[in-house]
Amino acid sequence: MSDDIYKEIILDHYRNPRNKGKLTDPDISAQDNNPVCGDRISIDITLKDNVVSDIKFDGEGCAISQSSASILTDMLMDKTVDELSKFTKDELLEELGTPSLGPARIKCALLSLKVLKIGTYQYLGTELPEDPEN
Ligand code: FES
């Protein structure tokens, strides 16, 4: 895909975010912010038989951080908790279009994945790895 198509996808998710909002009584819930800019993402997940049955994100910030959360939450529907814990940054960046993202923007893109990992590891009761986005 060309860079322009990737930019269009990002802008579309920014203007029309999928899965935006909060869940009542989620099984997994976490939030974090980018300390450099203050952008913020929270993710709520409801599980049924260990599989994602509902997922929402909320937050504010740049187009990349918010559209990445929208795209990520779309990708996680019907995944198992084990798949959530193993979800890689490459899977997300591929969907977002890495060619158009410089190093500073990659941090924006990975904020939602970090929040997912924080919530999933808390749910599993295991320690967050040092590089949680991997
Ligand atoms: Fe803050 Fe992108 S500028 S996450």
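The values are calculated or read from the model by the stated rules, or taken from the named source; none is laboratory data. In this text the structure is predicted, and so the values were computed from the model without any measurement. Backbone-built Cβ (ideal geometry, glycine too); neighbour counts: all protein chains shown. Please note that ligands, DNA and RNA were not included when accessible areas were found on the heavy atoms of the full protein model with its side chains. Shrake-Rupley method; radii C 1.70, N 1.55, O 1.52, S 1.80 Å.
Tabulated results
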item	result
With every protein chain in place, the range 41-134: carbon and sulfur % of accessible area (1.4 Å)	47
Cα convex hull of the range 46-93, projected area averaged across orientations, nm²	3.4
GluC sites (Glu not before Pro), loop per DSSP, at most 15 other Cβ atoms within 10 Å - longest free stretch of the chain	1-126
Probe 1.4 Å, accessible area per residue of the range 1-83, Å²	53
Residue among S53, T24, I118 farthest towards the positive dipole end of the chain, charges placed on Cβ	T24
nm² value of the averaged projected area, convex hull over the Cα atoms of the chain	7.6
Dipole magnitude (debye, nearest 20) for the range 87-134, charges at Cβ of Lys, Arg, Asp, Glu	220
Value of D in µm² per second that Stokes-Einstein yields for the range 74-127, Kirkwood Rh from Cα pairs, at 10 °C (1.306 mPa s)	133
Relative contact order [Cα under 8 Å, 6+ residues apart], the chain, whole percent	27
Cross-link table K22/K89; K7/K56; K7/K107; K56/K114; K22/K48; K56/K117, entries beyond 19 Å C-alpha to C-alpha	K22/K89; K7/K56
